[in-house]
Every structure is written in C-alpha cells, then in structure tokens.
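A short write-up of the structure that comes next.
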Amino acid sequence: MTSEKIRVLVAKPGLDGHDRGAKVVASALRDRGMEVIYTGLHQTPESIVEAAIQEDVDAVGLSILSGAHMTLFPKIAELLRSRGAENVVLTGGGIIPKEDVESLRTLGFARLFGPGSTTDEIAEYIESEVGRRRAAANH
Amino acid sequence: MDSLVERFRSGDRRALARLITRAENRSPGFAETLDAIYGSTGRGFRIGVTGPPGAGKSTIVDGLAAAFRAAGDSVAVLAIDPTSPFTGGALLGDRIRMRCTEDDSNIFVRSMATRGSLGGLARATVDAADLLDAFGYKQIMIETVGVGQAEHDVMTASDVVLVILYPGGGDSVQAMKAGLMEIADIFVVNKSDHPAADRLVDDIEQMLELRARRDAWRPPVVQCVATERRGIAELVLRIENYKSAREAAGDLAARRRERREAQVRRAIEEELALLLFEKSGFQDYITRELDRRRPPYAIAAEVVNLIKNSLKHAI
Ligand SMILES: Nc1nc2c(ncn2[C@@H]2O[C@H](COP(=O)(O)OP(=O)(O)O)[C@@H](O)[C@H]2O)c(=O)[nH]1
Ligand SMILES: [Mg+2]
C-alpha cells in the first residue's frame, strides 16, 4: 500500500509578467500522474528554495522569460545545495541562449528545455531522472 | 529513519518535510515514527478551513497566518487539493494565495493531494498535523479541498472549523443542504465588499436560530474582505473566544479524544484491508468464487465468518 508519487515544484522566478508556459507545463506534469505544486509569479530564489524544502519535492522546474536566468538559476542551485537538497532534480525552460545552457549545465542544470520542447520530453526527463536518483539513494 | 527523527527533534524543517512525505506514502516505519513523536503533540491549535471553491479559503488562511505571526505565534498550513482519479496526478495551487510565506520562511506550508481519500482531506492529514504540532507549530491551519459539500473529516481533524461562504457562491439554503451548517464553529462571510453580503449574513443568522446544536456554542458570523485583510483581526478574536469557551466546557478535550479514536479505527481498517486483500489469499478466493457465479453477499458472509471463527480463539 506504500506509494511514492513524484512531487514537482513549478516556479517562476523573476519579474516577467505572464505564466502561461509554466501553467501548461504544470498541467502536463499533473496529467502524467505527478503532484505539481505551483507557486505563481514573481518568486524570489529564497522563497522557491524554501517551498521546495517544505513541499519535499523530487524536482524543481523553473520557467523564465525575462533573461535573468544567469543570475537567478545559479542562485537557486546554490541555495538548494546549501540547504542539503542537492538531490533535487533541477531543470528549467524559457528562452535561454546556447552558451548559457552550456554554463548552466556545470551549475546543476543537466538539462534545460527551450521553446521547441514538448511537455512529454520534460515529463519523461523528470520521471527518468527522479527514478535514477531514488534508486541511487536506496543503495 | 531514526536519524531523521533526531533531525526533526533538533528543528530541521527538511526532516519535518521528509517525515510528512513518509506518512503520505505510508512508507515502512511511518507508524512507529508517528508513535515516537506522539508524546510531543497536543500543544498546537488546529484550525480547519472549509467552504465552496473560490470562497477565499486560501486568502483567509494567508491573512490569519500574517496575524498569528504578528502576535508572535509560529504558523503551519496544510492545504489539500484533489487527486485526479484518472491520472493520479494533482495540481496543488494554494501556495499562490499565501503571499505571507514570501518574506517569512517561518511559516511552513505543505500542499497535500487527496490520493483517493474522500471527505475533503488526505489520508495522512492528521498525521501531518501531528508532525507539525510535535515540531512546535502553535497555529496549524488545515484548508480542505472545498467542493461545497460538508467535508466531515475536517471536524475530527481540527479543534475549530471555519466555514467560509461568500455572496454569489450559492445561498445559505444550499450551504445548509450541503451540511455545512452542522460542521461550522465559526462562519465567515468573505467578499463582504460585495453588496449582497449583508443578505447572506442575515440568512445565516436566521438558519442558526432554527437549529439546535449538540453543545451550547452559537457560531458567530464574521464578515471579511480577505484580499484587503479586513475582518481578520475580528476572526482571530472569535477563534480565541471559541477556544477558551470550549476549553472551559471540556469539549476541546472530548473533540481531541474523538480524533484519536477515529485515527485508531482508521489505522485498524488500513491494516486489515492490507491483510485481507493483499497479504492473504482472500482476493484470489473472491475472484474464484465469482467465476463460479456465486453471488456477492454469500461470498462476503463466508469470508467474514472465516474471520470471526479465527477471532474466537484470539480474543
Ligand atoms: N472581491 C473579493 N475577492 C476575494 C476576496 N477574498 C478572496 N478573493 C478572490 O477570490 C478568488 C479565490 O480565492 P482563494 O483564496 O483562492 O479561494 P479558495 O478556492 O476558497 O481557496 C481569488 O481570486 C481571490 O483573490 C474578497 O474578500 N473580496
Ligand atoms: Mg484554496
């Protein structure tokens, strides 16, 4: 009777004003059977990380359009690490230039999803990555 | 597991969050953990918040959280949303309204999906509230799914139940039909910036005249505009009044006793269901008998008789 759901926080850091993309991703992940916590607009890195801790999520998905990803994304990765939550799968999407994708890769964002990505790709990535980390944690 | 409890006891919020997850998942050892922290529960006050969708439950909870914090209390929130019966997934969006958490990480908010449980709460809601209580949170708010029907579980899960209604969200007759009148200790007419609010207040007062309650408490009706945090201070006062009145009458202890009885019964049910349908051969037996076209009640009676006979020797 034990059941482990995948819990995901979908958050929108930064100041840009609409969250259609984040909502689409949130509902798609729900439709894949995940429990998706959606926090709304304008979240600070600190409040995103605190929410991730309190909600004990397996993954955090960040959505950004404002171009501030090179300051906000690394900050969130660093805060998660400092709270001992480095096991959380960290990913994101938005309009992120190729060279930034490369540098974010070394900072804890193994994979990012650009405008052409499908919600299925995102869901499959989260499922496989969470599965892998859970298996590793149990050994 | 034990080190997790130690970290929990030393005030580590991540350990608290992880223990809630274990209760939700019914992970091996979760019951022992809850028993281990049981002695530290009973200090927090549990406030149930229910009412139809869009009434402003989350916004009220946000306002109350800010008020409790300003008064120096620690605050935790459990916000329940429904699991989709088709996909098993859930979209948990109550945090959107809880802006007070943004500059105050001492407010602990946990979103819970119902995971198939009916009655407005998740199976592990009381367990999660116990963990928050033992962790030291003084004010623990529980926001139900809110489908506009009486969500009875919230009555046993909390020390006081706030029913949030709003003008335009169906009239008070509907609320009464839905059984909300029976579970309310305090009524909140939210969105009182709407002209029809006074009518709704009058309606509720009239309904209250007509009906007897099993205790002497008469539920007050508080008007709020949650988005502007108007009426929140009065609501806090009413909650405090309720608490002292019920404590004086000895009802609060009785209510908590009912909660524990329900918890024990439910734990027995869960264990027995597991034993009967997963760990024993009864499921196969049922399938086999149905294949032989034996009628359902006969099969059930046979199974129950088998259990009765084996119990005779045990008790
Ligand atoms: N006009 C008005 N709108 C409100 C008030 N309280 C909440 N709302 C709005 O009502 C909607 C639903 O609120 P929410 O707290 O999410 O309701 P819940 O579904 O019961 O949790 C939101 O758009 C709120 O901003 C109020 O007092 N007046
Ligand atoms: Mg809500």
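Touching a Ser or Thr at 6+ places or on another chain (Cβ under 9 Å), under 30 Å from A:R32 (Cβ atoms) and within 16 Å of ligand 2 (Cβ to nearest atom): is that true of B:T21 in this structure?
In short, no.
Which of the residues spanning the range B:187-207 are surrounded by 21 or more Cβ atoms within 10 Å (Cβ to Cβ) and not in a helix (DSSP H, G or I)?
B:F187, B:V188, B:V189, B:N190, B:K191, B:S192
Matching residues to (1) closer than 21 Å to B:G54 by Cα; (2) touching a residue at least 60 places away in the same chain (Cβ under 8 Å); (3) surrounded by fewer than 13 Cβ atoms within 10 Å (Cβ to Cβ):
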site: B:C224; (1), (2), (3): yes, yes, no
site: B:R230; (1), (2), (3): yes, no, no
site: B:Y242; (1), (2), (3): no, yes, no
site: B:L252; (1), (2), (3): no, yes, no
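Looking only at the range B:72-106, filter to residues that are more than 11 Å from ligand 2 (Cβ to nearest atom), touching a residue at least 60 places away in the same chain (Cβ under 8 Å) and more than 10 Å from chain A (Cβ to nearest Cβ); which one of those is surrounded by the fewest Cβ atoms within 10 Å (Cβ to Cβ)?
That would be B:D73.
Can you name every residue in the range A:1-29 that is facing chain B (nearest Cβ under 8 Å) and either surrounded by fewer than 24 Cβ atoms within 10 Å (Cβ to Cβ) or in contact (Cβ under 8 Å) with a residue 40 or more places away in the chain (or both)?
A:M1, A:T2, A:S3, A:E4, A:K5, A:R7, A:S27, A:L29
With within 16 Å of ligand 1 (Cβ to nearest atom) and over 20 Å from B:G11 (Cβ atoms) as the only criterion, which of B:A79, B:A124, B:A65, B:A70 stands out?
Going through B:A79, B:A124, B:A65, B:A70 in turn, the sole match is B:A79.
Give me the residue from the range B:254-296 that is within 27 Å of the chain's Cα centre (by Cα), away from every other protein chain (no Cβ under 14 Å) and among the small types (G, A, S) and, out of that set, surrounded by the fewest Cβ atoms within 10 Å (Cβ to Cβ).
It comes out as B:A254.
Search the range B:58-70 for residues that are within 14 Å of another protein chain (Cβ to nearest Cβ) and pair each with any residue that is away from ligand 2 (no atom under 16 Å from the Cβ) when their beta-carbon atoms are under 8 Å apart and the residues are at least 6 apart or on different chains.
Final answer for the pair search is B:A65/B:V75; B:A65/B:Q139.
Under 7 Å between Cβ atoms, which residue pairs at least 6 apart in sequence (or on different chains) link something in the range B:111-140 that is touching a residue at least 24 places away in the same chain (Cβ under 8 Å) with a partner that is part of a strand (DSSP E or B) and among the basic types (K, R)?
Correct list of pairs: B:A128/B:R110; B:A129/B:R46; B:I140/B:R46.
Tell me whether the range B:124-144 contains one or more residues that are within 13 Å of another protein chain (Cβ to nearest Cβ), among the acidic types (D, E), surrounded by 24 or more Cβ atoms within 10 Å (Cβ to Cβ) and within 16 Å of ligand 2 (Cβ to nearest atom).
no
Give me the strands (runs of 3 or more DSSP E) completely within the range A:34-103, filtered to those with at least 1 residues that are more than 11 Å from chain B (Cβ to nearest Cβ), ordered by residue number.
Once the strands (runs of 3 or more DSSP E) in the range A:34-103 are filtered for at least 1 residues that are more than 11 Å from chain B (Cβ to nearest Cβ), what remains is A:59-64, A:89-94.
Quick check on my filter: what residues within the range B:124-139 are of a type in the set (A, V, I, L, M, F, W, C) and farther than 18 Å from B:Q263 by Cα?
Passing the criteria: only B:F135.
Since every read-out is calculated from the coordinates, none of them should be taken as a lab result. Note that the structure is predicted; figures quoted are calculated from it, not measured. No Cβ is skipped: glycine too gets one built from the backbone with ideal geometry, and neighbour counts run over all protein chains shown.
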